[in-house]
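Colleague: The structure's right below; bear with me while I get my questions together.
The values are calculated or read from the model by the stated rules, or taken from the named source; none is laboratory data. Given the structure is predicted, the values throughout are model-derived calculations rather than measurements. Every residue, glycine among them, receives a Cβ derived from its backbone with ideal geometry; neighbour counts consider all protein chains shown. Quick note on the areas: whole protein, heavy atoms, side chains included, nothing else; ligands and nucleic acids left out. Shrake-Rupley method; radii C 1.70, N 1.55, O 1.52, S 1.80 Å.
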Amino acid sequence: MTEPVDRVVLVTGGAKGQGRNHALAFARQGARVGVMDICRQFPGSAPMATEEDLATTQKLLGEAGADSFALVGDTRSSADMRRFVDTAVERWGRVDVFVANAGVASFGPVVEMTDPMWDDVVSTNLDGVATSIRAVIPTMVAQRSGRIIATSSSVAREGGPNNANYAASKWGVIGFVKSVAIELAPLGITVNAFSPMSVSTDMCHNEATYKLFRPDLADPQEDDVRETFAGLNPMHVPWLELEDATAGVLYLASEGARYVTGAALDVAGGWNAYHGA
Ligand SMILES: NC(=O)c1ccc[n+]([C@@H]2O[C@H](COP(=O)([O-])OP(=O)(O)OC[C@H]3O[C@@H](n4cnc5c(N)ncnc54)[C@H](O)[C@@H]3O)[C@@H](O)[C@H]2O)c1
C-alpha cells in the first residue's frame, strides 16, 4: 500500500523523547508537523522538556525538510489544545494524524504519594490525552477522516507497586480510546492506543526509575538495571530503542491500518502476553 505524503501531523510532548522521534519520522515521510510541549518540570516527576529541547525539535524538523511549527502548551488546557489544532488548520487547512504522546511518571507507595504526584500524573496522562483528542475531533469530523493515536503503556494492563498513579492513568487511556473509537468509526476516523514497554528515553533512564528497579543499590546505574528491566518481558529486551517505538505509531497512522480502530497496540517484547486482556 502506498503511504500518504504531505499529511498534517500533530504530536504532543514533542520536545524530546518519543514525541520528537515520532515527529521526525513523519517529517521524513513528507508530512507537515506541529509539535507542542509544556517545557517545564513537575516536582517529583521524571525529567521533562525545556524550551531549548522544543527549539531543537523544530530545528531537526526543518533539517528533515518539513514545514513545521512548535508551541509551548499544556495538554490539560483545552485553550492550549484548541490553539494547537487551530494553528495547524490556519496554516495547512487540516489535521490528518494526531499523536497524544505527552506523559509523565513519578513513583512511590500510593499512601506516601504527595497530592501533586498523583494529580500531575493522572491529569496529564489521562485528562491531558482526553483534552487533546477532544480538541482535534471537530476538525477530523468535518474532514470525515483522521488518525488519532494515544500513548498508553505496558503498565496499562497490570498493576504495579509504586506505580498506582501511572497505571491508573494509562489504563484510563485505553478505556477512553475504545469509547471514542466507537463514536468516530462511522466517520472513518480511527482511534487507537499505543502501548510500549520501557523505551530508552529520560522517563526510563533517570535516578528515581533506577532506584525503583534496584532498591538494593545506593546509586544504581544503567548497567545495574538492564537485567531487571529485561526480566519484565519474555523476549528479554531491557528497553525499546526510539525507532522501535516509532514503528508502532507509524503503523497505526499507515494506510495498512485503515481498519484498525479501538485497539491497544503492544510493542513490548511479549510482556503483554502475560496480561489477561
Ligand atoms: N519511556 C518509557 O519507558 C515509556 C514506556 C511506556 C510509555 N511511555 C509513554 O510514552 C510517552 C512519551 O514519553 P517519553 O518516553 O518520550 O518520555 P519523555 O519524558 O522524554 O517525553 C514526554 C514529554 O511530554 C512532555 N509533557 C509532559 N506533560 C505534559 C503536558 N501536560 N503538556 C504538554 N507536554 C507535556 C514532557 O515535557 C516531555 O517532553 C508518555 O506518554 C509516556 O508515559 C513511556
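Colleague: Being more than 21 Å from the chain's Cα centre (by Cα) and polar (S, T, N, Q) is the filter; apply it to region 174-232 and report the residue that is farthest from Leu265 (Cα to Cα).
Modeller: Among them, the one singled out is Gln221.
Colleague: Looking only at residues that are small (Gly, Ala, Ser) and open to solvent by less than 10 Å² (accessible area, probe 1.4 Å) in region 109-144, which one is farthest from the ligand (Cβ to nearest atom)? Please lay out each step first, then the result.
Modeller: Pass one, region 109-144, residues small (Gly, Ala, Ser): 123, 128, 130, 132, 135, 142.
Among the residues that remain, those that are also open to solvent by less than 10 Å² (accessible area, probe 1.4 Å) are: 128, 132.
Values: Gly128: 5, Ser132: 9 Å.
My answer is Ser132.
Colleague: Now a separate question. So which residues in region 170-183 are more than 16 Å from the ligand (Cβ to nearest atom) and touching a strand residue (DSSP E or B) at 6+ places or on another chain (Cβ under 6 Å)?
Modeller: Listed by number, the residues that qualify are Val180, Ala181.
Colleague: Another one. Considering only helices (runs of 4 or more DSSP H) fully contained in region 95-207, which possess at least 2 residues that are charged (D, E, K, R)?
Modeller: Because the criterion is at least 2 residues that are charged (D, E, K, R), the helices (runs of 4 or more DSSP H) in region 95-207 that meet it are 115-122, 164-184.
Colleague: So, Arg83, is that one under 29 Å from Glu3 (Cα atoms) and either open to solvent by 50 Å² or more (accessible area, probe 1.4 Å) or assigned to a strand (DSSP E or B) (or both) or not?
Modeller: When the stated conditions are applied, Arg83 passes them.
Colleague: Let me ask something additional. Does Ala218 fit the bill of being of a type outside the set (S, T, N, Q), open to solvent by 30 Å² or more (accessible area, probe 1.4 Å) and in a helix (DSSP H, G or I)?
Modeller: no
Colleague: Of all residues in region 37-52, count the ones that are within 12 Å of the ligand (Cβ to nearest atom) and open to solvent by 40 Å² or more (accessible area, probe 1.4 Å).
Modeller: 6
Colleague: Here's another thing I want to ask about it. Check Asp119, Asp115 and return the single one that is over 14 Å from the mean Cα position of the chain (by Cα), under 14 Å from Arg76 (Cβ atoms) and free of Cβ contacts under 8 Å to residues at least 12 places away in the same chain.
Modeller: It is Asp119.
Colleague: Another question, then. Given the structure, is Ser78 closer than 26 Å to Tyr251 by Cβ and within 20 Å of the chain's Cα centre (by Cα)?
Modeller: Criteria not met by Ser78.
Colleague: I would also like to ask the following. Give just the number: which of (1) more than 18 Å from Ala164 (Cβ to Cβ); (2) open to solvent by 10 Å² or more (accessible area, probe 1.4 Å); (3) within 16 Å of the chain's Cα centre (by Cα) does Gln29 not satisfy?
Modeller: Failing condition for Gln29: (3).
Colleague: Six or more apart or on different chains, Cβ under 6 Å: which pairs go from a residue in region 145-161 that's open to solvent by 10 Å² or more (accessible area, probe 1.4 Å) and among the acidic types (Asp, Glu) to one that's at pLDDT 95 or above and away from the ligand (no atom under 13 Å from the Cβ)? Could you list them?
Modeller: Hits for this filter: zero, empty list.
Colleague: Among Gly14, Gly19, Gly65, which is in a loop (DSSP other than H, G, I, E, B) and open to solvent by less than 10 Å² (accessible area, probe 1.4 Å)?
Modeller: Gly14
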